[in-house]
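For reference, the structure is listed below as structure tokens.
The values are calculated or read from the model by the stated rules, or taken from the named source; none is laboratory data. Predicted model only: the values in this text are computed from it and were never measured. Cβ placement follows ideal geometry from the backbone for every residue including glycine, while neighbour counts extend to all protein chains displayed. Ligands, DNA and RNA are excluded from the accessible area calculation, which covers all protein heavy atoms including side chains. Shrake-Rupley method; radii C 1.70, N 1.55, O 1.52, S 1.80 Å.
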Amino acid sequence: MKRLLHGIDVSNWQGRVDWAHHAEEGVAFAFAKATEGGDFTDRYFSRNWQGMRENWVVCGAYHFARPKGDAAEHARHFLAALRRAGGLRRGDLIALDLEASDGLKPEQVARHARRWLRYVELHAGVRPFVYTYPSFAHSGHCAGLEGYPLWIASPSHARGDPQVPAPWGEWTIHQYSSRPVDRNVFDGSRQALTRLGYHPR
């Protein structure tokens, strides 16, 4: 029997999140939207970041990719928002939400993602997850990203048994439902998950 760790992900669309309630309900990890593109910061991000930490939920922050912009500029914007919210601590997670092409070709989207991921990994010292959908990845938008852990949105598949698109061969986090909030599972322990997060040099 798989040992699945339960998590959620949130953004400004959820408004104020009751983190104490989620923690009591067994939520062990979560991702909160921090930024989008090069100039949008989620107005609830700092509150969510602190709420997760105060309730012993493994903290994750994600950036919604807008591939038409400058990847390094967008990465700096994301990291600045993280610093303002209190910064990274041991075991914290980072993710790139890659689901919009902004009208660009798949290879252009993948190039933007690779640049953003490399910049964040270099400057934050943690390897980000990549969140995407099977159809988006199958179209070539995720070429060259197989070295990053996959957070896959696959709600039509059973919890813990998602569709895994190329270029990946395995999944790390499965988003299996969006009701009443986005729900996720990690196949492993809390310790195994935080090993994929930030570790001070």
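If packing is taken as the average number of other Cβ atoms within 10 Å across a peptide's residues, how do 139-147, 158-166 rank, most packed first?
My ranking of the peptides, most packed first, is 139-147, 158-166.
Please give me, ordered by residue number, the trypsin sites (Lys or Arg not before Pro) of the range 26-59 that lie in loop per DSSP and have at most 16 other Cβ atoms within 10 Å.
Arg43
Would you be so kind as to identify which of Gly51, Thr35, Trp13 lies farthest towards the positive end of the dipole of the range 1-56, taking Lys and Arg as +1 and Asp and Glu as -1 on Cβ and the Cα centre as origin?
Ranked along the dipole, the leading option is Gly51.
Taking the Cα centre of the chain as the origin and placing charges on Cβ (Lys, Arg +1; Asp, Glu -1), which of Leu4, Pro180, Leu88 is farthest toward the positive end of the dipole?
Result: Leu88.
Under the Kirkwood approximation for Rh and a Cα-based Rg, what ratio Rg/Rh is obtained for the chain?
0.93
So what is the relative contact order for the chain, in percent, with contacts set as C-alpha pairs under 8 Å and at least six apart?
With pairs under 8 Å counted, the relative contact order is 22 percent.
Could you compute how much accessible surface Ser177 exposes when probed at 1.4 Å, giving the result in Å² to the nearest 10?
Spelled out: Ser177, probe radius 1.4 Å, area about 30 Å².
Specify, per residue and in Å³, the volume enclosed by the convex hull of the alpha carbon atoms belonging to the range 141-187.
Output value, Cα hull per residue: 76 Å³.
Taking the solvent-accessible surface of protein heavy atoms with a 1.4 Å probe, what is the per residue accessible area of the chain in Å²?
Per residue, the chain has 48 Å² of solvent-accessible surface.
Roughly how many Å² of Tyr133 are accessible to a 1.4 Å probe, to the nearest 10?
We get 80 Å² for Tyr133.
May I ask you to evaluate 6.51 cos²θ - 1.76 cosθ + 1.60, the Karplus curve with θ = phi - 60°, for each residue of the range 53-65 and list the ³J(HN,Hα) values in order in whole Hz, giving x for glycine and proline?
Result, ordered by residue: 5, 5, 10, 6, 9, 4, 7, x, 10, 10, 10, 8, 6 Hz.
With Cβ to Cβ distances under 12 Å as the rule, what net charge do the other residues near Gly140 carry (K, R +1; D, E -1)?
Every neighbour counted, the sum reads +1.
Determine the share of the chain's accessible area contributed by carbon and sulfur atoms, expressed in whole percent, with a 1.4 angstrom probe.
Looking at the chain in its full context, I get 46 percent from C and S.
Using square roots of five times the C-alpha gyration tensor eigenvalues, list the equivalent-ellipsoid semi-axes of the range 4-112 in whole Å, biggest first.
26, 14, 12
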